[in-house]
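Notes for the one structure printed next.
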Amino acid sequence: MSYRITIEPSRHQFEVEPGNTLLRAALASGIHLPYGCRNGACGACKGRVVSGQVDRGLHAEGALTDDEAARGYALFCCARPLSDLVIEAREARAVRDLPVRTLPCRVQKMARLAPDVMLLQLRLPASERLQFLAGQYIDILLKDGRRRSFSIANAPHADEALELHVRLVPGGHFTPRVFDTMKERDILRLEGPHGDFFLREENPQPVILLAGGTGFAPLKALVEHAFQQKSDRPMTLYWGARDRSGLYLNALAEGWAASHTEFRYVPVLSEPAAADAWSGRRGLVHRAVMEDFPDLSGHQVYACGAPAMIEAARSDLITRCGLNEEAFFADAFSFAADSLPVG
Ligand SMILES: Cc1cc2nc3c(=O)[nH]c(=O)nc-3n(C[C@H](O)[C@H](O)[C@H](O)COP(=O)(O)OP(=O)(O)OC[C@H]3O[C@@H](n4cnc5c(N)ncnc54)[C@H](O)[C@@H]3O)c2cc1C
Ligand code: FES
């Protein structure tokens, strides 16, 4: 039997299975309660239990004092309900509610997804978690003061590590280091979360996801978040790349389509190699959307990739397919202002 939790003042509700913590169950239900370490050390998840019984669990003394506990406070990352509860908590409704943090991280795993795409898994210190919305990005802070932005490719419910998809920019300041000298266990510094590219969940309109190259990364996070939420909102992912190797997680996207009736996947190649033996869609990825959806007036579009692709998609989908300007959300992978010319 699960317990029903009601949050004041929002009156939002969620269920908690016996033994689960309030925070884990809230996040799994798409409710963004504030948190930091997720293990009873920082106090960021503190809130008041207005009515009902909780087991406050193990936590650091300084994170919740005896006096606070006596006044009804609990750390929601370690508290487990023993009855239905009413709790008082501040929910993050928007990106501005999420704290931007600077944290060290360790490169836990590196894997070549394609000749020019590297998967990086970054592990935060054991006592830290980064709270973010699916689709947001972080900045890697370099020792020389420069920074480079990368979208988080995993959804917030699976935040044991942060996953990045880094495309090699030959002659670039940072990405060649990722491919040539970076090793597992290296330490980096990151800052985030940043950005307002996230799924507008209050709107039931069908969604078109438009990815160019590693623009797939934040869309992967959006899709995995929507699946986790058991959303039945129709979603169609168009993923464009030059050749077959650019669809570096094609099997994953095909698997999503095979296991979710409301999800469709359309890969599009602009210059397939002969060896690709490509029989799928060809051309510019946003053109494929226009062919399939000549009327986008009832849709939302989430686009991510190179700035030129984003601009072409924005202009064509709005002027030619009747997409509402407010229904186009995008993250353009623009170059950093301190980029060096390719030499
Ligand atoms: C919000 C945001 C999210 C991003 N997310 C990702 C991501 O998930 N994955 C990812 O691979 N990249 C992402 N980027 C791009 C990334 O931040 C860097 O710009 C890119 O990795 C290049 O960094 P660099 O230091 O190697 O090259 P730089 O030293 O910055 O660039 C050197 C030169 O290469 C050229 N150049 C730079 N970037 C590109 C490019 N993308 N295409 C063609 N030429 C270029 C320019 O001429 C530039 O002067 C994102 C950018 C933004 C703004
Ligand atoms: S999130 Fe740090 S104490 Fe709960």
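The values are calculated or read from the model by the stated rules, or taken from the named source; none is laboratory data. Keep in mind it's a predicted model, so treat the numbers as computed, not measured. Methodologically, a virtual Cβ is constructed for each residue, glycine included, from the backbone with ideal geometry; neighbour enumeration extends over all protein chains shown.
Among the criteria (1) surrounded by fewer than 17 Cβ atoms within 10 Å (Cβ to Cβ); (2) over 24 Å from the mean Cα position of the chain (by Cα); (3) of a type in the set (Ser, Thr, Tyr), the one Thr102 does not fulfil is (2). Pairs under 8 Å by beta carbon, first residue in contact (Cβ under 8 Å) with a residue 12 or more places away in the chain and more than 24 Å from His157 (Cβ to Cβ) in segment 34-61, partner part of a loop (DSSP other than H, G, I, E, B) and of a type in the set (Lys, Arg), six or more apart or different chains? Pairs found: Arg48/Arg71. Taking the criterion of being loosely packed, with under 14 Cβ neighbours inside 10 Å and under 22 Å from Gln205 (Cβ atoms), the only residue of segment 263-291 that qualifies is Glu291.
Across segment 141-174, the qualifying residues are those that are in contact with a strand residue (DSSP E or B) (Cβ under 8 Å, 6 or more places away or on another chain) and without any contact (Cβ under 8 Å) to a residue 40 or more places away in the chain, and the one among them that is farthest from ligand 1 (Cβ to nearest atom) is Glu160.
For segment 193-277, give me every one of the strands (runs of 3 or more DSSP E) that falls completely inside it and has 2 or more residues that are within 16 Å of ligand 1 (Cβ to nearest atom).
On the way: elements: 207-212, 235-241, 263-269.
Once the strands (runs of 3 or more DSSP E) in segment 193-277 are filtered for at least 2 residues that are within 16 Å of ligand 1 (Cβ to nearest atom), what remains is 207-212, 235-241.
Residue count for segment 260-316 under the criterion of being closer than 17 Å to Ser245 by Cβ, out of contact with any helix residue (DSSP H, G or I) (no Cβ under 8 Å at 6 or more places or on another chain) and either among the polar types (S, T, N, Q) or not assigned by TED's automatic domain parsing to the domain that holds Ala221 (or both): the result is 1. Restricting segment 8-60 to residues that are basic (Lys, Arg) and assigned to a loop (DSSP other than H, G, I, E, B) leaves a set whose member that is surrounded by the most Cβ atoms within 10 Å (Cβ to Cβ) is Arg38. Leu142 fulfils the conditions (1) surrounded by 17 or more Cβ atoms within 10 Å (Cβ to Cβ); (2) modelled with pLDDT of 95 or more except for a single criterion, (1). Note on segment 124-139: residues that are of a type outside the set (Ser, Thr, Tyr) and surrounded by fewer than 16 Cβ atoms within 10 Å (Cβ to Cβ) total 2. Considering segment 61-91, and only residues there that are surrounded by fewer than 17 Cβ atoms within 10 Å (Cβ to Cβ) and of a type in the set (A, V, I, L, M), the residue that is nearest to Gly213 (Cα to Cα) turns out to be Val86. Taking the conditions exactly as written (in a strand (DSSP E or B) and in contact with a helix residue (DSSP H, G or I) (Cβ under 8 Å, 6 or more places away or on another chain)), does Ala74 satisfy them or not? Against the criterion (in a strand (DSSP E or B) and in contact with a helix residue (DSSP H, G or I) (Cβ under 8 Å, 6 or more places away or on another chain)), Ala74 qualifies. Among residues of segment 135-184 being under 23 Å from the mean Cα position of the chain (by Cα) and of a type in the set (D, E, K, R), the one that is farthest from Met110 (Cα to Cα) is Arg147. For segment 99-109, the count of residues that are out of contact with any strand residue (DSSP E or B) (no Cβ under 7 Å at 6 or more places or on another chain) and at pLDDT below 90 is nonzero.
Would you tally the residues in segment 114-170 being within 16 Å of ligand 2 (Cβ to nearest atom) and assigned to a loop (DSSP other than H, G, I, E, B)?
Keep residues of segment 114-170 that are within 16 Å of ligand 2 (Cβ to nearest atom), which gives 124-132, 156-157, 159-160.
Then drop every residue that is not assigned to a loop (DSSP other than H, G, I, E, B), which leaves 124-132, 159-160.
Here the count works out to 11.
Based on what the data block shows, is Gly305 under 28 Å from Gly195 (Cα atoms) and not aliphatic (A, V, I, L, M)? Give the derivation first.
Numbers: under 28 Å from Gly195 (Cα atoms): yes; not aliphatic (A, V, I, L, M): yes.
It is true that Gly305 is under 28 Å from Gly195 (Cα atoms) and not aliphatic (A, V, I, L, M).
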